[in-house]
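Below is one structure, written out as structure tokens; comments come after it.
The values are calculated or read from the model by the stated rules, or taken from the named source; none is laboratory data. All values reported here derive from a predicted model rather than from experimental measurement. Cβ coordinates were reconstructed from backbone atoms using ideal geometry, including for glycine residues, and neighbour counts include every protein chain displayed. The protein model used for the area step is the full one, side chains on, heavy atoms only, and it has no ligands, DNA or RNA in it. Shrake-Rupley method; radii C 1.70, N 1.55, O 1.52, S 1.80 Å.
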Amino acid sequence: MSRGVVGSSVNRVGGVPRVLGTQVYVADVKLPNMLHAKLVHLDCAHARIRSIDCGEALEVEGVRAVLTAEDLPKPIPRFGPAYRDRPLLAVETTNFHGEPVAIVAAESEHAAQVAASRVKVDYDELPAICTVAQALDPSTGLVQDPSIRSDGPFRHTNILDEWKFGWGDVGGCRAHAVVENTYTFPIVTQFAIEPFAFLAEPTAEGITVYSAVQIPYGLQRSLAAVLDLPLSRVRIIAPDPGGAFGGKQHPKLEPILAYFALRLGRPLRLELTLEESFQEVRRAAAEVRVRSGFDSDGTLVFQDIESNYLIGAYADIAARVVSKASYVAAGPYRVPNVRILARALLSHTPPSTAFRGFGAPQENWAVESQLDEAAGRLGLDRVEIRRKNLPKRGEVFMPQDPPADGDWAECLDRAAQAVGWGDPLPEGRGRGIAMGLKAGPTTAASYTIIRLHLDGSATIYCGTSDMGQGARTVFSQIAAQELGVPLENVVMVMGDTAVVPFDLQTSASRSTVVMGNAVQAACRDIRRQLADLAAECYEVDEEIRVDPGVVHLPAGDRTFVEVLQDRFGRVKGEVIGVGSARSEYVPDHPLGGPPAFYEVVAIAAEVEVDRETGVTEVLKLIVAGDVGRAINPQAVAMQDEGAAVQGLGHSLMEQYILDSAGRIRNLGALDYRIPTTQDAPRELRSIHVENADGPGPYGAKGVAEGGILSTAPAIGSAVAQAVGVRIRDLPLTPERIWTELNRKTTP
Amino acid sequence: MSMQRIRISITVNAERHQLEVDPYETLLELLRDRLDLTGTKKCCGEGECGACTVIMNGRAVNSCIILAAEADGSEVLTIEGLSEGGRPNQLQQAFLDAGAVQCGFCTPGMIMAAHYLLRNNPHPTDEEIREGLSGNLCRCTGYGRIVAAVQAAAAAEATAASKAGLESTPEAPK
Amino acid sequence: MKSFEYLRPHNLAEALEIMERYGAGARPLLGGTDLTVRIQKGQADPAAVVDLKGVGEIGESIDARGDTVTVGGRVVLSDLVRSDLMQTHYPALVEAASIVGSIQIRNRATLVGNICNASPAADTVPPLIAYAAEVTVAGLDEKGAPIRSRVPLEDFFLGPGETRCAPTELVLGVQLPLPSRPFGCAFGRLTRRRGVDLATINMACSIDAAGITTFAFGAVGPTVVAARDESGELAQPDLPESRREELLRSLVEKTSPISDVRSGEQYRRAMLLTIARRVLRQAFERRQYQSGGQTQGSKHYRGGFGE
């Protein structure tokens, strides 16, 4: 019977059902009288729909109905977390490969599949805009009609929005050495092992939608708006996602499914194939042009960064991705002059959405690779050039924002040491190191309710989504520590908007900090109430101190259970603690508020490259994160390791391959390659820099995205050392490495 | 649509079932939809990811590309069949203790593949573990702790076997 | 997936009768790792799927008789990999078979299935050709009587997905001659990642007792391309490097690599030579080793990256 002590690596809460196979994911939910849905989409990116004939489809046995845009209200309802631009179904045109034009409902999945294949869509394929150059070219046409765009200078362009940040005077400063390069980052997809699945159930109250959504309350708001229902009648049940990585944050097919279910009056289930899941979510691609100025000793003088992000046909949360990532694009460094220009460019591709790192991996790839090149030119060691420019804790490095909140040089040094920086390298091997920076959450609103039961056990209600990062475990540990309750007696209730209080979202590595603070506050609320109850019950005038599990009375200590029994007696009762953590919107801050913390890592890699074939093996991958305090060290390491290998994926093998018409040619597990057991580094390590300097409980900071922030520049730098050629485009496939190596030697 | 129904007899987790299946129905669908054994997962649907791994007639296979009809007369072991009285067995516990479980979606398939590996190779090297699990994709863990979990389970099994005074012998595949 | 009639014949005569009746509308099923996937993706839409796993005449074992080894049609790749007989006499085939998919795939996929799927990138085909394999094809003659014929694998493929096995015929098994010693054969391939993958290119090289070098190149043409050096030069230990390069180039020129979703043409062309050098050297070394009167078998060699 172990107590869940903060700082100990207790086993995952919720781990047992996962190993037994009893964990319920969305696709495992079955309801009586359930219908099955299937989407109809076209095998092209951009098309004008002439007509849709559902006659044959409706004749399939078991089919109940087929919906197209024609059957929906006009103008067609649109949704989206920031811009409500995405129609429930494609109307007049399709704008990305996979955009649904119709949806079938049938008694069986097989019938739905057959019927979907018999829906006849007459369409004209149109040219697709799928590169940065095409999106910027005024002659190529518009992805979004101006009628659905907001007022502003970009309404008649494919620029969703543009941001300018910076300080100092880039134009007027002088530097000893100037380096200028453009770096590219491909379209990659989250590829959670759980494909998307949704279930919409009309109820007496209104509607219940099952979705493994990271932001249940966001989905609730979206559906309430689309369905014209009050929030109280829209219930979201969000089972733990089978992996999400940001891709399950925002509404996708829930709106059309909920609408359809209400019309049918029966529960309606939609399970996407893996290919369809790839067509729903992905990371923004980016072209980042960086001009950097240095003094002769490697001190940064200026950073001039222009980033063009290729987002999808609908905005989803892309604007936020671009603004937030580009805002801190200059990296965790002291840079006196910074000019940042960033654009989000619409294209005929699936909507880009949140993906671990939220735009920062793209910036870090460019800026960190650039630092390496500068180091080379100036004859400096790549660790040295970074150490020289890192701010100390407490030092302001972005004029309008909180100072550096950690000892980032410690991350750098420990990563360098762990990878054996400076040790002799055998032929064909290389090492690389890179810092990574991401801004934490800027606004927050997390609420929790904790019930302390008569026997001293506790139930915690909170709206955080546990998608594998271990939120359940961390909150249980905090509560166990704060209340003095054994960990195994703490039960978490999550994922149901009818039951748990409001949580703004699970994103930006915030939950340990924000919801953790709320949990801590709720526990302290319970302790305060116990003090009041004890004062009342034992008639004590002076202030009563309550520690975890024990109430200190003048006559002696009492346990919580004893106090509850004494006070409530045979009439019984419980103590309900409420806690919240909020961070308000700051209108004149470019991001709507300063970040609660900075997520900073140093990542080091060692690779071996076969020059003849370009085949690369990553031998070592080290993540040293500035974590503040590891509530559960194993859980932090688990996140770092997973994030690092996910980053290895986009570094070496992952990319969407589009044809000239915008069709994704490598949908699915066969041709979209992610790392397997054989691709993962044999030495994979997570180092925790813990200085208790974070805003979360016990000094914690957020950690879940760190490992993916700068894996690419670390690996890229290692490859560059191994083969003597620097490559600026990802992924570094064997073919790309070989091509670059041979480009050098052929005239 | 076909009206063909195929009668099969299949033993799943030591329980015999007589069922009528559709020709296009997969073993995965039979397990999840007919028998409500939803522990085995669907991901890629084409035998590339291993999330649907079960043991059929002593071999680890991808159930998503086996027709239910093909499983007539077969013995199938799923993740639900591994636990002992609803509690994790040694291998399952090793996954928990090693921190090898995050979102858990790949876990059933991964554990079944590991179970098969250890049955055939009770003392695998790390490389042999990686090879044996190379057909199971995980997006959360980076695999290091999964390898460690399998090693720990192998060691625990060896300890238990030697304590019992027996040599553990691999089962020959049927 | 779309529906079809599922049939499970009890013997070869029944199976052939079904194939004849459905014409091209019946597809044979063994492991299902290709056919079932294609049906699910809508790439195949057969009227009938004929499960051959109950047909006794399609062997389920590996047997040596005289100077021929027969791999029955129902033998799955994982059993082939484990077979001492195969490891001893056909190490390059074992290497290739051991990297087809994952263990889950190899526990279902058959050697015959890998052949009949006729992907130009099939990993087992190059070593089979290098080992001079033949397949036994069963069909019915005009009178409806069963006949069997043997087709050298080198002549078996007509194009991607197309073989000399007619839609109404069935392949029963694979015959491999026991190579006269000294003999050396090696397999190599390139993939996009170190883990389970389809080949960007693959190939096998054998050098036989007479000093004839046979290459079989995969994923660089509509079918696997066989190319031979009958001069015996490539088998010579003291051949000057420039001459070896010249000879290899002439063999590789018989291929026609393309750019596709897996790789670009230029890279494939360059890698053909790079990997060819490696497998030639390994085949040579294995043959040398055999000259010493021993065999160098292969125990679960991963065989990737032209090592």
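A few points about this structure:
- Listed by chain and number, the aspartates and glutamates placed with their C-alpha closer than 13 angstrom to that of C:Lys143 are C:Glu17, C:Glu20; residues fewer than eight positions away on the same chain are left out.
- Pairing chains B and A buries close to 4300 square angstrom of accessible surface in total, based on protein heavy atoms and a 1.4 angstrom probe.
- In this view, the solvent-accessible surface of A:Met492, computed with a 1.4 Å probe and all protein chains in place, comes to about 20 Å².
- FRET E, pair C:Ala209, C:Ala47, Förster distance 51 Å, beta-carbon r, rounded to 0.05: 0.55
- Helix axis angle, B:144-163 relative to chain B longest principal axis, alpha carbon, degrees: 80 degrees
- Within straight-line cross-link reach of A:Lys252, aspartates and glutamates at Cα separation under 18 Å, skipping those fewer than 8 residues along the same chain: A:Asp85, A:Glu99, A:Glu194, A:Glu201, A:Asp228, A:Asp240, A:Glu271, A:Glu275, A:Glu276, A:Glu280, A:Asp316
- Portion, in percent, of the accessible area of chain B that falls on carbon or sulfur, probe 1.4 Å: 48 percent
- Fraction of beta bridges assigned by DSSP in the protein assembly as shown that are antiparallel (%, nearest 5): 80 percent
- The C-B contact accounts for roughly 2500 square angstrom of buried accessible surface, both chains included, probe 1.4 angstrom.
- What a 1.4 Å probe finds exposed on chain A is 48% carbon and sulfur by accessible area, rounded to a whole percent.
- By the rule of a C-alpha distance below 24 Å, with chain neighbours fewer than 8 residues away ignored, the lysines paired with A:Lys620 are A:Lys438.
- Charge dipole of the protein assembly as shown about the Cα centre (unit charges at C-beta), most positive-ward option of A:Leu619, A:Ala374, B:Thr38: A:Ala374
- Maximal additional length on extending the A:Ser147-A:His176 stretch stands at 5.5 nm, based on 0.36 nm per residue less the C-alpha distance.
- Entry comment: accessible area of region B:90-167 is 31 Å² per residue, from protein heavy atoms only and a probe of 1.4 Å.
- For A:Val29, A:Val16, the ranking by accessible surface with the largest value first comes to A:Val16, A:Val29, using a 1.4 Å probe.
- Residue-normalised accessible area of region A:652-747, given per residue in Å² at a 1.4 Å probe: 30 Å²
- Using just its DSSP H runs of length 4 or more, each adding -39500 (n - 2.57), chain A gives a mean residue ellipticity at 222 nm of -8000 deg cm²/dmol after division by all residues.
- Rounded percent of accessible protein surface that carbon and sulfur make up, region C:184-303, 1.4 Å probe: 46 percent
- Efficiency of FRET between C:Glu17 and B:Arg87 - r from beta-carbon atoms, R0 45 angstrom, step 0.05: 0.30
- Remark on C:Val224: its backbone amide H falls under 5 Å from none of the residues 5 or more positions apart or on other chains, H modelled at 1.01 Å from N.
- Chain A: C-alpha gyration tensor shape, a/c 1.5 cut-off, then a/b vs b/c: oblate
- Per the accessible-area calculation with a 1.4 Å probe, the total area buried between chain A and chain C rounds to 2200 Å².
- Close amide H pairs (under 5 Å, H built 1.01 Å from N) link C:Leu178 with C:Thr68, C:Val69, residues at least 5 positions away or on another chain.
- Taking every C-alpha pair closer than 8 Å and separated by at least 6 residues, the mean separation divided by the residue count of chain A gives a relative contact order of 16 percent.
- With helices as the sole contributors, chain B gives -9000 deg cm²/dmol at 222 nm; each DSSP H run of n ≥ 4 counts as -39500 (n - 2.57), and the sum is divided by every residue.
- Within the protein assembly as shown: Cβ-based charge dipole about Cα centre, in debye rounded to nearest 20 (Lys, Arg +1; Asp, Glu -1): 640 debye
- Phi angles across region C:23-33 convert, under the Karplus curve 6.51 cos²θ - 1.76 cosθ + 1.60 with θ = phi - 60°, into 3J(HN,Hα) values of x, 7, x, 10, 10, x, 10, 10, x, x, 6 Hz, Gly and Pro given as x.
- Model label sites at B:Met3 and A:Arg50, defined 7 Å from Cα along the beta-carbon direction, differ in position by 3.8 nm.
- Karplus-derived 3J(HN,Hα) values for region A:609-619, using 6.51 cos²θ - 1.76 cosθ + 1.60 with θ = phi - 60°, are 10, 8, 4, 6, 10, x, 5, 10, 10, 8, 8 Hz; glycine and proline are entered as x.
- The mean number of Cβ atoms from other chains found within 10 Å of a Cβ in peptide A:637-646 is 5, as a whole number.
- With all protein chains in place and ligands, DNA and RNA left out, the 1.4 Å accessible area ranks A:Ser326, A:Ser117 as A:Ser117, A:Ser326, largest first.
- Considering only C:Gly188, C:Tyr267, B:Thr53, the residue lying farthest towards the positive end of the dipole of the protein assembly as shown is C:Tyr267, judged by Cα position with unit charges set on Cβ.
- Between the amide H of A:Asn337 and those of A:Gln303, distances stay under 5 Å, these residues lying 5 or more places away or on another chain, with hydrogens modeled in the peptide plane.
- When nucleic acids and ligands are ignored and a 1.4 Å probe is applied, A:Glu617 ends up with an accessible area of around 40 Å².
- Estimated from helices alone, the mean residue ellipticity of chain C at 222 nm is -8500 deg cm²/dmol (sum of -39500 (n - 2.57) over DSSP H runs with n ≥ 4, per residue).
- Mean per-residue shielding of peptide A:8-18 is 5, counting Cβ atoms of other chains within 10 Å of each Cβ.
- Dipole of region B:90-167 computed with +1 at Lys/Arg Cβ and -1 at Asp/Glu Cβ about the Cα centre; of B:Ile111, B:Ala148, B:Pro124, farthest Cα towards the positive end is B:Ile111.
- Helix C:265-291 and the longest principal axis of the C-alpha atoms of chain C enclose an angle of approximately 80°.
- Judged by the gyration tensor of its Cα atoms, with axes a ≥ b ≥ c, region A:244-288 is prolate; a/c meets the 1.5 cut and a/b is the larger of a/b and b/c.
- Whole-Å distance, taken between Cα centres, linking region C:1-80 and region A:79-97: 46 Å
- For chain C, accessible area per residue (1.4 Å probe, heavy atoms of protein chains only), Å²: 38 Å²
- Each principal axis of region A:38-193 carries a Cα extent, and these read 75, 37, 28 Å when sorted largest first.
- Across region C:213-226, computed HN-Hα scalar couplings (Karplus, 6.51 cos²θ - 1.76 cosθ + 1.60, θ = phi - 60°) run 9, 10, 10, 10, 9, x, 6, 10, x, x, 9, 4, 9, 9 Hz from first to last residue, x flagging Gly and Pro.
- Cα gyration tensor shape of chain B, rounded if a/c is under 1.5, else prolate or oblate by comparing a/b with b/c: prolate
- At least 10 Å² accessible surface lost relative to isolated chain, residues of region C:100-142 (1.4 Å probe): C:Ser102, C:Ile103, C:Gln104, C:Ile105, C:Arg106, C:Asn107, C:Arg108
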